[in-house]
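Shown next, in structure tokens, is the structure this report addresses.
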2 protein chains.
Amino acid sequence: MSAKKLLLIDDDLELTELLKEYLTPQGYELDVAHDGEAGLSLATSHKHYDLILLDVMLPKLDGFEVLKKLRTSHLTPVLMLTAKGDDYDKIFGLEMGADDYLAKPFNHRELSARIKALVRRMALLPSSSVQQNLKLGNVELSPPAQQVFCANNLVELTATEYSILHLLMINHGSLVSKQNISEKVLGKKLAAFDRSIDMHVSNLRKKLAAFSPEEKIKTHRGAGYLYLVST
Amino acid sequence: MSAKKLLLIDDDLELTELLKEYLTPQGYELDVAHDGEAGLSLATSHKHYDLILLDVMLPKLDGFEVLKKLRTSHLTPVLMLTAKGDDYDKIFGLEMGADDYLAKPFNHRELSARIKALVRRMALLPSSSVQQNLKLGNVELSPPAQQVFCANNLVELTATEYSILHLLMINHGSLVSKQNISEKVLGKKLAAFDRSIDMHVSNLRKKLAAFSPEEKIKTHRGAGYLYLVST
DNA sequence: AGGGAGTGTAAAGCTTGTGTAAATGTATCG
DNA sequence: CGATACATTTACACAAGCTTTACACTCCCT
């Protein structure tokens with residue numbers, strides 16, 4: 001059994017340090033983000049996490065917002081942590097799609113036990129199923145099968161094309177730079193005069209256009225690409 | 001979505017009555033057992049439960065014992081309830097294989113939210129992992145005998161071929177990576193340039209094709225294999 | 001309007017994954 | 001100790017698809 005990867009999103013430096021020291025020897029790999037945006041970005045990157053520990057009070061984007069956005073594309077299990085122990089918060093978090101909820105201050109062993117319980121349960125799921133189906137307009141994306149439907153037709157995409165579309169759809173309505181696409185999809189920095197991203201986008205457009213005429217991927221000259229929101 | 005079936009094991013008549021009235025209108029079917037033995041017997045019966053709510057203090061067989069015995073044969077999710085709020089108990093329960101732990105007295109809405117969270121998570125399990133005989137299209141798989149029928153003809157498969165087919169069929173409609181196949185079927189990490197999975201898949205296709213022409217196992221270049229859903 | 005930088009896309013080239021046959025290894029059983 | 005059955009490795013041809021090249025075009029700035 002390979003080491004389980006956890007993502008801890010919490011701005012309390014003392015706590016994150018402590019937890020890192022506590023959890024690492026137990027055989028977990030722990031990544032840490034100190035604000036909501038960084039956390040969300042890591043959580044939705046192509047790196048796979050088995051569990052996310054999410055604080056509620058966070059700079060930039062609070063825990064509930066992170067959870068909400070995460071759940072539009074990913075089903076990664078989430079254990080929420082909060083200073084506020086009040087029931088309403090707990091219930092709200094769970095209703096929003098969290099898997100567990102623990103109030104600070106917590107017993108480290110209880111946290112450890114709850115992490116173990118969640119990871120144990122998740123191990124029964126095929127890892128591919130942590131990604132949510134994504135539907136925007138008439139384009140539907142099914143991560144477990146890595147399939148895309150456009151106007152209910154199966155569109156045959158290559159792995160790279162699929163990844164790019166997925167990335168753009170996750171960030172629909174906001175701009176994604178070529179650098180970003182290159183790093184997240186191809187795993188390498190974008191070289192100068194590198195046209196491969198353009199090529200993939202071009203092919204993607206062509207394939208989608210075969211089923212649906214309206215333009216879905218917009219170019220922002222000098223900046224990147226943008227998946228148009230079309231409710 | 002059919003009604004979720006819950007099993008409540010608790011000797012507190014007042015509480016069980018209350019919970020029944022509270023949970024039934026929320027769309028759950030609730031069975032109740034008032035002692036450990038009866039609970040275990042129901043839990044291990046052929047009736048399928050989506051979730052078990054298990055009190056710790058029970059006549060005849062206490063909650064931990066019930067959990068321990070249940071886990072020898074069943075992976076049904078368990079939410080433990082207890083009057084004792086102490087951490088040690090919680091940790092002990094979770095370590096023993098419980099999925100969640102809630103101390104009495106609890107907020108009904110929190111219980112409801114935690115039930116919902118667990119049920120929601122469980123719904124992601126591949127549908128067929130519960131059922132015994134897998135039949136998809138004209139291919140039927142009978143695990144006890146390790147036999148496969150295709151268009152009602154017995155297909156002679158080797159153990160490995162059978163395992164691969166089984167894995168793909170359980171995850172039908174989702175992509176299964178070669179790494180995954182290698183780890184789950186052969187019990188070892190996929191080495192670079194290892195072609196053995198390809199071999200088995202090739203043989204599997206050949207054997208199935210002898211009885212049924214249509215393609216069932218699709219290759220996703222660079223990603224893995226996918227068993228096509230055929231209603 | 002002119003020019004440069006950024007972009008769309010076709011076509012060619014090249015890398016890499018895949019299908020399959022055959023050879024080699026390995027376990028089981030009489 | 002063979003004989004058999006199966007798993008694995010090797011080898012090679014092939015095809016998919018990623019990348020590069022090339023060139024036309026568009027946008028934007030001056």
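Read-outs throughout are calculated quantities, based only on the coordinates presented, and are distinct from any laboratory measurement. Computed from a prediction, not measured in an experiment: that's the story for all the values here. Using ideal geometry, Cβ is built from the backbone for each residue, glycine included, and neighbour counts are taken over all protein chains shown.
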Check your understanding: If we count every other residue with Cβ under 11 angstrom of B:His200's Cβ, Lys/Arg +1 and Asp/Glu -1, where does the sum land?
Key -> +3
**Study point:** Residues A:Asp11 and A:Arg205, FRET efficiency given R0 of 60 Å [Cβ-Cβ distance, rounded to 0.05]
**Key:** 0.90
Exercise for review: For the range B:36-88, state which chymotrypsin sites (Phe, Trp or Tyr not before Pro) are in a DSSP loop and have at most 15 other beta carbons lying within 10 Å of their beta carbon.
Suggested key: none
Revision key, fill the gap. Taking every other residue with Cβ under 10 Å from the Cβ of A:Ala43 and scoring Lys and Arg +1, Asp and Glu -1, one gets +1
Practice item. May I have the extent of the alpha carbons of the range A:4-128 along their three principal axes, as whole Å values ordered from largest to smallest? Key: 31, 30, 24
Check your understanding: Among the DSSP beta bridges whose two residues both lie in the range B:37-140, what percent are antiparallel, rounded to the nearest 5?
Key -> 20 percent
Check your understanding: Order of B:Leu136, A:Leu8 from fewest to most other C-beta atoms within 10 Å?
Key -> B:Leu136, A:Leu8
Point to revise | Two-site label geometry, B:Ser230 and A:Ser230: point separation in nm, points 7 Å out along Cα→Cβ | key: 3.4 nm
**Study point:** Copies compared at B:Glu183 - label distances in nm, ascending, label defined 7 Å from Cα in the Cβ direction
**Key:** 2.7
Study note, to complete from the structure: Flagged as over-length at 29 Å C-alpha distance, from A:Lys84/B:Lys116; B:Lys47/B:Lys218; A:Lys47/A:Lys207; B:Lys20/B:Lys184, the pairs are B:Lys47/B:Lys218; B:Lys20/B:Lys184
Point to revise | Label-point gap, in nm, between A:Lys68 and B:Leu42 - each point 7 angstrom along Cα→Cβ | key: 3.9 nm
Review point. Can you give the average number of partner chain beta-carbon atoms within 10 Å of each beta-carbon in peptide A:92-103, as a whole number?
Key: 4
Point to revise | Centroid-to-centroid separation of the range A:25-50 and the range A:61-78 [C-alpha atoms, Å] | key: 12 Å
Review point. Based on DSSP, what percent of beta bridges with both residues in chain A are antiparallel, to the nearest 5?
Key: 50 percent
Practice item. Give me the net charge of A:Ala191's neighbourhood, meaning all other residues with Cβ under 14 Å from the Cβ of A:Ala191; Lys, Arg count +1, Asp, Glu -1. Key: +1
